[in-house]
Every structure is written in C-alpha cells, then in structure tokens.
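Novice: Supplied in structure tokens, the structure appears directly below.
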Amino acid sequence: MKIDLHLHTNYSDGKLSPEKLLKFAWENHYEFLSITDHDSTLGYQEACNFLSVYPLELIPGVEISTNYQTTDVHILAYYFDVNNEELVDMLKKIYDSRYGRAKQIVQNLNQLGIDLQWEDVLKYAGKHKYIGRPHIARALIENGFCKTIKSVFDNYLNNDSPIYVPKYRIDTAHAIEIIKNAGGIPVVAHPGRLEDDNLLYEFIDMGIEGIEVYYASHSTGQIKFYEQIALEHNLIRTGGSDFHGSDFYYLNYSAPDICIKELKSKYNHKRGIK
Ligand code: AMP
Ligand code: MN
Ligand code: MN
Ligand code: MN
C-alpha cells in the first residue's frame with residue numbers, strides 16, 4: 001500500500017493545485033492520502049471534487065500552527081468535521097493573520113535596503129492570498145536578492161533574524177480541544193523538529209492522540225524513539241512526506257500500512273464502531 005498523510009497544496013505553501021496533487025498521487029499508485037494544508041481545509045475540499053477521476057481514499061486533514069510557551073508546534077488533525085464552526089473560525093483567524101504578518105516581513109526587508117516589492121511577493125502567494133515564508137523566499141530568489149532557499153533562510157527569514165515576524169498562533173492545548181470537539185484526531189507533526197522531545201509528554205497530558213512517527217526526514221533512531229513513546233502511551237502512529245512541490249519532494253515516500261490501520265481504528269472507535 002502507498003500511503004502519505006502529510007501533503008500541501010497551493011491553498012497553503014505547496015506548489016501544486018489540489019487536482020494536480022491528486023493526479024500525481026494517483027499516477028504514482030497512492031491508495032491513501034491526506035491533504036494537510038497549513039490552517040486551511042479548502043484545498044482538501046476542492047480535491048474532493050476530483051475523486052471520481054482519481055479514486056483514491058482522501059482523508060480529511062489539516063496542519064495547524066499552534067503555540068506552546070514560545071515554541072511553534074504544528075498539530076495535524078484528521079477525520080474532523082470540516083464544517084465545525086469552532087474549528088472553521090480558528091483556522092480562518094490563523095490563515096487571515098498571515099497577510100499582515102507577511103507585509104511586515106517585507107517592510108523589514110525594505111528597511112534593511114532590500115528593495116523587494118510587495119506585488120512581487122503576491123505573485124507567488126497561494127489561493128486566497130495565503131503567504132508564508134516560502135513565498136517570500138521564492139520572490140527574493142526570482143528577483144535576484146538570493147540564490148537558494150537555504151541562503152534566504154540563513155540570511156533573512158530564520159526565526160532569530162530581526163526581519164522575522166511571528167505568526168498568530170493558537171495555544172496548543174486549545175487547538176487540541178477544538179480538534180476533538182470537531183470529532184477529529186489530533187497528532188503531533190514531525191516531532192523531530194521540536195526543540196525538546198520532553199515537550200511530547202506535555203502534549204500527551206493535553207490529550208494528543210497520535211504522533212507523526214514516520215516523517216520522511218526522521219532518522220531510523222528518531223523513528224524507533226517515537227514509536228516507543230507512541231506504544232507506551234497508547235497513541236496512534238502516522239506518517240507522511242510533508243510534500244510541498246518538486247523542491248521539497250521526497251520521491252515515492254510511503255508511510256507503513258499500520259498508519260492507516262491505526263488511524264482508521266481510532267476513527268471507528270470514536271464513532272463507536274468496532
Ligand atoms: P511560515 O509558516 O510562514 O512561518 O513558514 C514556515 C515554512 O517555511 C515551513 O513550513 C517550511 O516550509 C519553510 N521553512 C522554514 N524554515 C526553513 C528553512 N530553514 N529552509 C527551508 N524552508 C524553511
Ligand atoms: Mn509549509
Ligand atoms: Mn509543519
Ligand atoms: Mn507540513
């Protein structure tokens with residue numbers, strides 16, 4: 001089975017439209033997919049219109065930008081009600097706040113003498129003017145201010161840079177609660193990117209139900225470590241590539257079969273189905 005439970009479309013900072021992503025996945029023989037755009041389910045909802053053409057199983061998903069103390073924590077959610085009002089409101093607030101924040105980042109660049117135009121950034125924005133740092137990075141490269149994504153982040157857009165402006169984020173515990181109220185399964189995304197593994201125990205106390213153990217860039221050691229935590233705490237194990245388009249593509253990544261088994265069993269359990 002080919003499974004990928006973590007992918008982005010151009011409704012956030014991915015390069016492909018939902019239709020192109022499905023086509024690509026279908027042609028590459030994926031059976032189970034979850035579109036997990038940052039703070040939006042609109043790409044997932046659009047993709048649903050193409051499932052008669054590319055009939056793979058698409059699981060409702062989203063990757064939410066949350067805040068724990070001062071750290072940026074990405075929480076994946078699966079199988080929630082996409083029309084749940086509280087969830088929709090939370091996502092809209094986070095999504096919409098990006099626009100003003102991106103404008104501030106561009107102003108900061110301008111103050112340092114980098115003459116990047118706001119219109120040039122907008123050209124790369126996703127649907128509904130979604131702008132993340134990757135879009136600003138593309139604009140910097142295309143306009144000759146930098147050569148590579150790495151140099152953009154190393155020199156300008158990293159979290160410690162004076163240019164950086166944090167995003168609006170919701171508290172991790174609150175996001176977990178909202179996901180559960182919407183019938184969804186909250187999962188800690190790419191734990192290998194957390195500042196401290198001990199944070200996982202805080203999230204377990206908050207009621208997280210899964211860990212993204214099989215993240216494409218986790219090492220074998222990290223996978224073993226997170227597998228053990230998941231087993232000890234009765235959490236489901238999920239996995240995905242975090243595909244953003246060709247620049248970030250992990251060729252033919254597939255999460256192990258147990259990911260779909262555990263995700264579905266959690267989903268059925270929540271609905272009282274044995
Ligand atoms: P934002 O949500 O606007 O703060 O942007 C975060 C996104 O920027 C991440 O999801 C990555 O896609 C990208 N990103 C962050 N740091 C780096 C980095 N050092 N190199 C390349 N891409 C990065
Ligand atoms: Mn991203
Ligand atoms: Mn993430
Ligand atoms: Mn992601």
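The values are calculated or read from the model by the stated rules, or taken from the named source; none is laboratory data. Since this is a predicted model, take the numbers as computed values, not measurements. Methodologically, a virtual Cβ is constructed for each residue, glycine included, from the backbone with ideal geometry; neighbour enumeration extends over all protein chains shown. Remember, those area values only see protein heavy atoms, side chains included, never the ligands or the DNA or RNA. Shrake-Rupley method; radii C 1.70, N 1.55, O 1.52, S 1.80 Å.
Novice: Looking at (1) more than 16 Å from ligand 2 (Cβ to nearest atom); (2) open to solvent by 50 Å² or more (accessible area, probe 1.4 Å); (3) in contact (Cβ under 8 Å) with a residue 12 or more places away in the chain, which one does Ser52 not meet, given that it meets all the others?
Specialist: Going through the list (1) more than 16 Å from ligand 2 (Cβ to nearest atom); (2) open to solvent by 50 Å² or more (accessible area, probe 1.4 Å); (3) in contact (Cβ under 8 Å) with a residue 12 or more places away in the chain, Ser52 breaks only (3).
For (1) surrounded by 24 or more Cβ atoms within 10 Å (Cβ to Cβ); (2) within 16 Å of ligand 2 (Cβ to nearest atom), each residue gets a yes or a no:
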residue: Asp4; (1), (2): yes, yes
residue: Leu7; (1), (2): yes, yes
residue: His29; (1), (2): no, no
residue: Ser34; (1), (2): yes, yes
residue: His38; (1), (2): no, yes
residue: Asn67; (1), (2): no, no
residue: Thr70; (1), (2): no, no
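Novice: Show the residue pairs meeting these rules: Cβ distance below 8 Å; 6+ apart or different chains; first residue within region 22-38 and more than 14 Å from Ala255 (Cα to Cα) and more than 16 Å from ligand 1 (Cβ to nearest atom); second residue open to solvent by less than 10 Å² (accessible area, probe 1.4 Å) and assigned to a helix (DSSP H, G or I).
Specialist: Leu22/Ala47
Table: residues versus (1) within 20 Å of the chain's Cα centre (by Cα); (2) within 15 Å of ligand 1 (Cβ to nearest atom); (3) not hydrophobic (A, V, I, L, M, F, W, C).
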residue	(1), (2), (3)
Leu58	yes, no, no
Ile64	yes, yes, no
Tyr68	yes, no, yes
Lys103	no, yes, yes
Val106	no, yes, no
Leu140	no, yes, no
Lys147	no, yes, yes
Leu157	yes, yes, no
Ser161	no, yes, yes
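Novice: So Gly14 clears everything in (1) in a helix (DSSP H, G or I); (2) surrounded by 21 or more Cβ atoms within 10 Å (Cβ to Cβ); (3) modelled with pLDDT under 95 except one condition, right? Which one?
Specialist: (1)
Novice: In the set Val62, Val82, which member is modelled with pLDDT of 95 or more, in a loop (DSSP other than H, G, I, E, B) and either more than 22 Å from Asn252 (Cβ to Cβ) or within 14 Å of ligand 3 (Cβ to nearest atom) (or both)? Please lay out each step first, then the result.
Specialist: Working: Val62 fails: in a loop (DSSP other than H, G, I, E, B).
Going through Val62, Val82 in turn, just one is modelled with pLDDT of 95 or more, in a loop (DSSP other than H, G, I, E, B) and either more than 22 Å from Asn252 (Cβ to Cβ) or within 14 Å of ligand 3 (Cβ to nearest atom) (or both): Val82.
Novice: Something else: Tell me the helices (runs of 4 or more DSSP H) entirely within region 141-219 that contain at least 1 residues that are open to solvent by 60 Å² or more (accessible area, probe 1.4 Å) and among the hydroxyl-bearing types (Ser, Thr, Tyr). Step through it out loud before you land on a result.
Specialist: On the way: elements: 149-152, 172-181, 199-206.
Counting at least 1 such residues, we get 199-206.
Novice: More than 16 Å from ligand 1 (Cβ to nearest atom) and surrounded by 15 or more Cβ atoms within 10 Å (Cβ to Cβ) - does that describe any residue in region 123-136?
Specialist: Within region 123-136 (the criterion being more than 16 Å from ligand 1 (Cβ to nearest atom) and surrounded by 15 or more Cβ atoms within 10 Å (Cβ to Cβ)), the answer is no, since none of the residues qualifies.
Novice: Now for a separate question. Since Tyr11 meets every condition but one in (1) free of Cβ contacts under 8 Å to residues at least 60 places away in the same chain; (2) within 16 Å of ligand 3 (Cβ to nearest atom); (3) among the aromatic types (Phe, Trp, Tyr), which condition does it not meet?
Specialist: For Tyr11, the exception is condition (1).
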